[in-house]
Amino acid sequence: MEIIQTGLKDCVIIKPRVFEDARGYFFESFNQKSFEDQTGLSGKFVQDNQSFSTYGVIRGLHAQAGEFAQAKLVRVLKGEVLDVAVDIRPDSPTFGKHISVRLSAENRQQLYVPRGFLHGFSVLSETAEFFYKCDNFYHKDAEVGIMYNDQELNVDWLIPAGKESVSDKDLILKNFSSLK
């Protein structure tokens, strides 16, 4: 696997080594030892989640707070998404900064989103199957989130106005300034 730095501390792209021939392909999607050796980060995951969405769906921006904070390793099994991670670690020099990465079944890349980051994605293809590993168990009372269209963050989700599909729950999230 190749580790690609994103400019946000500990938030990295993982590009697998893919072996292809006339029969198809094979790749190791995750290797804890390689990940830890190359990044110095923990690669111990306890929960896997998967979602299916259609074009224009925006999920996020979400995180788990406190002792329930989660690091995530995210990838796309089918289709393409724009994956977004926002640093909300108060003492971080990149607090409030975000990165956007296109993840697809075709490019097979993954994004490691550390604890202390908001996470979300928009679906750019007709449909997408999204898969992620978490290093801590989900806890409903620890949910936090910021509006996907927060003006201060100014995330370009690559979905034209009026074509986005956002859950009622995500439409009532707070603005980024509430974290300061």
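What follows is calculated from the coordinates using simple rules that are stated; it is not laboratory data. Model, not experiment: these values are computed from the prediction. So basically every Cβ, Gly included, is an ideal-geometry build from the backbone, and we count neighbours across all protein chains shown.
Taking region 15-93, which trypsin sites (Lys or Arg not before Pro) meet the DSSP loop condition and have no more than 14 other C-beta atoms within 10 Å? Passing sites in region 15-93 are R17, R23, K44. Here K133 is the anchor, and the lysines within straight C-alpha reach of less than 18 Å, apart from those fewer than 8 places off in the same chain, are K15, K33, K44, K72, K78. If one puts a single equal scatterer on every Cα of region 40-111 and applies the Debye formula without solvent, what log₁₀ I(q)/I(0) results at q = 0.17, 0.25 Å⁻¹? The computed values of log10 I(q)/I(0) come out as -0.80, -1.44.
With r defined as the distance between the Cβ atoms of S34 and E152 and R0 fixed at 45 Å, what FRET efficiency is calculated, to the nearest 0.05?
Numbers: r = 37 Å, r/R0 = 0.82.
It comes out at approximately 0.75.
Summing Lys, Arg as +1 and Asp, Glu as -1, what charge do residues with Cβ under 12 Å from the Cβ of L158 carry, L158 excluded? Could the numbers behind the result be given before it?
Numbers: positive: R102, K163; negative: E80, D83, D156, E164.
So the environment of L158 carries a net charge of -2.
With contributions of -39500 (n - 2.57) from each DSSP H run of at least four residues, the per-residue ellipticity at 222 nm computed over the chain stands at -1500 deg cm²/dmol. For region 1-95, the gyration tensor built on C-alpha atoms gives an oblate shape. Its axis ratio a/c (a ≥ b ≥ c) is at least 1.5, and a/b is not larger than b/c.
Tell me whether region 21-72 comes out rounded, prolate or oblate; compute the Cα gyration tensor, take square roots of the eigenvalues as a ≥ b ≥ c, and use a/c under 1.5 as the rounded threshold. Provide the component values of the computation, followed by the final result.
Values: a/c = 2.80, a/b = 1.12, b/c = 2.51.
Cα axes put region 21-72 in the oblate bin.
Out of region 36-138, which GluC sites (Glu not before Pro) are coil in DSSP terms and have no more than 12 other C-beta atoms within 10 Å? Before the final figure, lay out the partial values.
Details: sites: E36, E67, E80, E106, E126, E129; in loops: E106, E126.
Passing sites in region 36-138 are E106, E126.
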